[in-house]
Structure formats: structure tokens, C-alpha cells
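Structure record follows, encoded as C-alpha cells.
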Amino acid sequence: MLDVRLFRNDAEAVRSGLHRRGEDPGAVDEVVRLDAELRNLTARRDTLRAEIRALSNEVGALFRDGRQDDAKELQEQSRILGAEEKALDAGADELAMELRERLLRIPNLPSDEAPDGAGEDDNVVVRVEQHDAGSYAEHQRVPHWEIGEQLGILDVERAVRMSGSMFVMYRGAGAALVRALCQLALDRNVDLYEEVRPPTLVRTDTMISTGHLPKFEEEAYHLERDDLWAIPTAEVPLTSLARDEILDESDLPRRFCAHTSCFRREAGSAGKDTRGLLRVHEFDKVEILAYATESQAQDLHAEILERAESTIRDLGLAYRILDLCAADLGASSKRTFDIEVYAPGADRWLEVSSVSWFGDYQARRANLRYRPTAGRGTGILHTLNGSALAVPRVWAAIVETYRQPDGTVAVPELLQPYMRGLTTIA
């Protein structure tokens, strides 16, 4: 969340940032009001506490001097003040909780470098790679859900029968392709990023740490009996790896990668883009994430983007890089670059990775701190992450792009070592 001191010292900057996002800046006034009330209440409480301590010392001295009546009179004053102090303390706790709830729902401020815009149509195409619209043959213009059914590698019908709409099942070489993509993404990043296999179910405070709660509660799967949440991305548990710890600056940056299943309710989809693998409730993904100081963050942002891009490039897929405008940024992000692959059968650009810099927004929620090498106290970490590879849409783009005239699918050379020697899916 945002530092409350920013609201005190430069509320106009917060209003400006929220305006760029298309958010109502009226939330700023409410935070400023609550913060002022809280500080006033806290000051009155602390003054009373000091008076009570002083009275307590006087009472002790009077008892020692044998002046019991005077001591009891001061004790009564102390009791009255104590009751008032308790009421003020309870009021301060209530205000602090209300202020925190307000702050948790306010999105991050976009970076100055993030382009302005009103929505996804204003995202800036940084570059397009390996794409020639006229180069695709008729046999590549078949959507992956038809190819998958013809080859017996994607079974949507039985998955829906088992689990409901927007669940899918991969079979045979299709399942092998899922595993191959995940192993490829891990192998290309474990040279620098520590592999982690985190829990798939997490507590509420872990979801709050990344900003997925409370804002996106309707998008998440909640196991109410145990009060656990199915993770929508490995970003959630990876962000909390060092929660409530203090890292040494000399150990930064810290880099992690993880392969997990991910779960999203897609509550707002309402029939939109639900064919095949365009939008599903469960999918596999390899995530890369880093902790950094503010001065390290920009280089790491570029590093994560290059790693995610290089895998798509080396798979031989057409793709483009988008610089998301302020109004299309995720709630926790300061700046995001999206990677979209072109799927010729669906004739769509499909987002396969969002590479984001969150500043200290998530770290404040997760209490991620570091001890500077020079100086005193602690600093707040910056977090960054991106999808090294999200399976469904990459799977779809491969099946469509590599479809052959005879209906088979050639396995990209990069994946063949992971496919048990299979070079063609027939």
C-alpha cells in the first residue's frame, strides 16, 4: 500500500497519480481526514498516559510519606483518567483499522515513465518481433481448440463434465507439451533464480500482501472452511517468502522462480474469450520474482522482461511488447510491460506475460525490509515479477503456428529434448 506520509506531505501527488489511473481521487481526502483524526486521538491518549504515569509516581510518594488520604484522592483521579485513556486507545485502534482498510483499497501510483491513457487501447506497442501477417498459410489458420480435438491432445468436453465450464484437460502429447513448457522455463532461469515450490493454498494475509485482497476477492477461489485461498499466481507466496524479516542489503537482489498451478475465477468474463485456452480457471505457470533496493529495481525490471521475452523468441513465436498505460496497470503495479504472442488460428494477440515493477507497494503490505549497508534503521524493499512462461496461451500459439499441411503439429526444436524424443504431434 502507499505510505500514509505521502498523503500528509503531498496529497496532490497522490490525487494526480490516481487521476492518471482513472480512479476517483476523492479517496485521498478520506485518508487525509482519517489520518488527522488518528494522530489527534493518539496524541490525546499519549498525553493522558503521561499524566497517569505522573500521578502514579505521586501516589507512591504520598503513600511512602504516610499521606494515605491524599494518595487515595490521586488514585481516584488516576482511575478516571485511566478509563478515559482506554476509551481513547480503543478509538485509536478502530481508526487505525479503518485507515488501513482505506489504504489497502487504493492502488499504486503509476511511474512517471508509464504512458498516459484511458484504457487498453492506449497501451504503447514498443516493438513487434517475428511477425509477418502475410506469411501464415491456410493450415495455420485453424484455432487450437479444433486442432486439439482433431489430434486428441485437448479434451475440453470431459473436463467440463468433471469440473464445469472453463476447465480443460490435456491428453497424450498435449499433456507432455504442458510439462515440457514448464520444465523449459525453469531450466532457463535457475542459473540465477532460486527454484521454489511454494504452497498452492495460502492464508488471507498472504493474499493481502500482493494486493490480490481485498480488491480482487471475487476473482479468487476461497476455501471458507479452512480460510485458505487458491493462489492466482506464484507471485503471491513468493512475495511473502521474507515477510516480517529483515534482509541485509549485501544479499540483494534476491531472485526466485516457481512452477505452480494457478486458479482464477474469471468472474467478469461472462462468456468473453472462453473458447479453448483463451481464458481458463486453472493453468500452469512458471513465475520469476525479485526483491531489490530502489536503485536496483530498474535493471531488474529489464532483466525479467528479457528473460521472459527470450523464451518466447526462441520458441519461434511471433510476439509484441506493450508498455501499459497508467489506466491499464494492475492495481499494485507502478509500471508493466506485457508480452503478447500472435495465435494465427484464433487470429489474436494473446497476453502471456506481465512484467511488473511494484515499487515498495507490496513490500509495505508484506513488511519486507532490509538493513542498509551504510546508515541506520531499515529500508522498504521493492518487488518485481513476471511470468517466465504461462502455459495455456503459449500452448495455443505453438499448436496453431506449428501446424503442418497434413494436420500434424511440429514440435519446436527448443522443446524436443523435453518431449521424450517426439518431433511431431500426430
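The values are calculated or read from the model by the stated rules, or taken from the named source; none is laboratory data. Note that this is a predicted model, so its numbers are computed, not measured. Reconstructed Cβ throughout: ideal geometry from the backbone, glycine too, with neighbour counts over all protein chains shown.
If you check VAL399 against the conditions, is it touching a strand residue (DSSP E or B) at 6+ places or on another chain (Cβ under 7 Å), in a helix (DSSP H, G or I) and of a type in the set (Val, Ile, Thr)? Taking the combined requirement at face value, the residue satisfies it. HIS259 passes every criterion in (1) out of contact with any Cys (no Cβ under 8 Å at 6 or more places or on another chain); (2) in contact (Cβ under 8 Å) with a residue 40 or more places away in the chain apart from (1). Has the stretch 260-276 got at least one residue that is surrounded by 19 or more Cβ atoms within 10 Å (Cβ to Cβ), at pLDDT 95 or above and more than 27 Å from PRO344 (Cα to Cα)? Checked against the condition, which is being surrounded by 19 or more Cβ atoms within 10 Å (Cβ to Cβ), at pLDDT 95 or above and more than 27 Å from PRO344 (Cα to Cα), the stretch 260-276 yields at least one hit.
Taken residue by residue, the stretch 73-93 has no member that is closer than 25 Å to ALA13 by Cβ, at pLDDT 95 or above, among the aliphatic types (A, V, I, L, M) and touching a helix residue (DSSP H, G or I) at 6+ places or on another chain (Cβ under 8 Å). Scanning the stretch 296-331 for residues that are farther than 27 Å from GLY345 by Cα and among the hydrophobic types (A, V, I, L, M, F, W, C) yields a count of 9. GLY174 meets all of the listed conditions (1) in the same structural domain as THR260 (by TED's automatic domain parsing); (2) among the small types (Gly, Ala, Ser); (3) assigned to a loop (DSSP other than H, G, I, E, B) but one, namely (3). Can you tell me which residue is farthest from ARG102 (Cα to Cα) among those in the stretch 8-30 that are among the charged types (D, E, K, R) and part of a loop (DSSP other than H, G, I, E, B)? Filtering first and then ranking leaves ASP10. The sole residue among ALA96, ALA27, ALA43, ALA13 that is closer than 30 Å to ALA366 by Cβ, of a type in the set (A, V, I, L, M) and either touching a strand residue (DSSP E or B) at 6+ places or on another chain (Cβ under 8 Å) or without any contact (Cβ under 8 Å) to a residue 40 or more places away in the chain (or both) is ALA43. ARG127 meets all of the listed conditions (1) assigned to a strand (DSSP E or B); (2) in contact with a Cys (Cβ under 7 Å, 6 or more places away or on another chain) but one, namely (2). Within the stretch 130-145, can one find any residue that is part of a loop (DSSP other than H, G, I, E, B), exposed (fewer than 15 other Cβ atoms within 10 Å of the Cβ), small (Gly, Ala, Ser) and over 31 Å from the mean Cα position of the chain (by Cα)? Taking every residue of the stretch 130-145 in turn, at least one turns out to be part of a loop (DSSP other than H, G, I, E, B), exposed (fewer than 15 other Cβ atoms within 10 Å of the Cβ), small (Gly, Ala, Ser) and over 31 Å from the mean Cα position of the chain (by Cα).
Taken together, ALA302, ALA346, ALA331 contain a single residue that is touching a Lys or Arg at 6+ places or on another chain (Cβ under 9 Å), within 24 Å of GLY17 (Cβ to Cβ) and not in a strand (DSSP E or B), which is ALA331. Screening PHE337 against (1) in contact with a Lys or Arg (Cβ under 7 Å, 6 or more places away or on another chain); (2) within 24 Å of HIS212 (Cβ to Cβ); (3) buried (at least 22 other Cβ atoms within 10 Å of the Cβ) leaves a single unmet condition, (1). Being polar (S, T, N, Q) and crowded, with 19+ Cβ neighbours inside 10 Å is a property that SER310 lacks. Looking across THR210, THR200, one residue alone is within 30 Å of HIS382 (Cβ to Cβ), in contact with a Lys or Arg (Cβ under 9 Å, 6 or more places away or on another chain), in the same structural domain as PHE337 (by TED's automatic domain parsing) and β-branched (Val, Ile, Thr). It is THR210. The number of residues in the stretch 295-337 being closer than 26 Å to ILE106 by Cα and hydroxyl-bearing (Ser, Thr, Tyr) comes to 4. A single entry from ALA220, ALA230, ALA173, ALA159 fulfils the requirement of being farther than 30 Å from ARG364 by Cβ, touching a residue at least 24 places away in the same chain (Cβ under 8 Å) and buried (at least 17 other Cβ atoms within 10 Å of the Cβ): ALA173. When every residue of the stretch 365-373 is checked against the conditions, none turns out to be free of Cβ contacts under 8 Å to residues at least 24 places away in the same chain and on the phi < 0 side of the Ramachandran plot. Within the stretch 355-366, the presence of a residue that is surrounded by fewer than 24 Cβ atoms within 10 Å (Cβ to Cβ) and closer than 24 Å to ALA397 by Cβ is excluded.
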